[in-house]
Structures are given as structure tokens and as C-alpha cells.
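Remarks on the structure that follows.
What follows draws every value from the coordinates through simple rules; no lab data is involved. As the structure is a computational prediction, the values presented were derived from the model and not from experiment. Every residue, glycine among them, receives a Cβ derived from its backbone with ideal geometry; neighbour counts consider all protein chains shown.
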Amino acid sequence: MHEWALAEAVVETVKRRALENNIKNFSVLKIKLGMLQQIDKDVLLFALEELLKLAREEHGVSVEHIVIDEEKPVAECTRCGYRWEIDLQSMDEEYREYIHFLPETIHIYVSCPRCRSKDFEIVSGRGLYVELY
Ligand SMILES: [Zn+2]
């Protein structure tokens, strides 16, 4: 469900970009997908393909290739400056699910491996970015 909502937002972006730049055909739609979103890449790709088919039929906007790059979640401790990669796989499924729906809850389940502080920032691996060319 999440995947389809995201795909819809991405396709809206593609349509808007097409309109703004007066371009109908893009060769690559590149998506940088933060792994904290825990989006199923295959489902997202399928949803994008389906929605882009519609966009082509209805608006004549087309994309030749879709590339999805997954970005690993990296945190940086605000107290000691340590940087580490958050290992979602080692977490309980239940916690992962909370983080999926409410990314802010990550501060409850994760702490700095060096100083144990829960005061950290997510420096990458969150959100979704779209590039078109
Ligand atoms: Zn620390």
C-alpha cells in the first residue's frame, strides 16, 4: 500500500517535471530510496511501471528506464560524533514495523554503539529522491 502511494507521488513528479520543462520523454528515472522507509523495491517498481503506462496513455509522458538505488541507513551521534550503519535486519520485526510507519521511533530502539546516547541524526537512508534525465 505504501509502495503504491509512493509510486503515485513519483509519477506526479514526473508529470510535473515534464510540464515545467516541456519534455515528453525521459530516458532515465532514477530513484534513491532510503532503506529506513523499508519499501519493497519490487512492488515499488511494479507500481511505477503500471502508473507510468497510464501517464503515457493519458499525458504522452514516457520514461525509458527506471533505476532504483537503495541507500543504507547511516546515523551520526550528536554527543560523540560516531557514525554507524543502522542494521535493520538485526532488529525485531515488530520494531522494524514501527519504524516503517513512524520513522521517528527509531530513536527509541537505536542508540549510539559507542556512547549509548539516543541523541543521533540520520545522515542518510531516509526519504526518497527522484532524478530525471
Ligand atoms: Zn555516541
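Pick from L29, L45: which is part of a helix (DSSP H, G or I), among the aliphatic types (A, V, I, L, M) and surrounded by 14 or more Cβ atoms within 10 Å (Cβ to Cβ)?
None of the other options fit; the residue is L45.
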Filtered residues of the stretch 85-101 (kept if under 19 Å from R116 (Cβ atoms) and either among the hydroxyl-bearing types (S, T, Y) or in contact with a strand residue (DSSP E or B) (Cβ under 6 Å, 6 or more places away or on another chain) (or both)): E85, I86, S90, Y95
Matching residues in the stretch 54-84 - criterion: being free of Cβ contacts under 8 Å to residues at least 40 places away in the same chain, in a strand (DSSP E or B) and either under 24 Å from L29 (Cβ atoms) or among the acidic types (D, E) (or both): S62, E64, H65, I66, V67, I68, D69, E70
Residue in the stretch 93-108 that is free of Cβ contacts under 8 Å to residues at least 60 places away in the same chain and within 16 Å of the ligand (Cβ to nearest atom) present: yes
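S111 - would you say it is in contact with a strand residue (DSSP E or B) (Cβ under 6 Å, 6 or more places away or on another chain) and more than 17 Å from G34 (Cα to Cα)?
Values: in contact with a strand residue (DSSP E or B) (Cβ under 6 Å, 6 or more places away or on another chain): no; more than 17 Å from G34 (Cα to Cα): yes.
For S111, the condition - in contact with a strand residue (DSSP E or B) (Cβ under 6 Å, 6 or more places away or on another chain) and more than 17 Å from G34 (Cα to Cα) - is not met.
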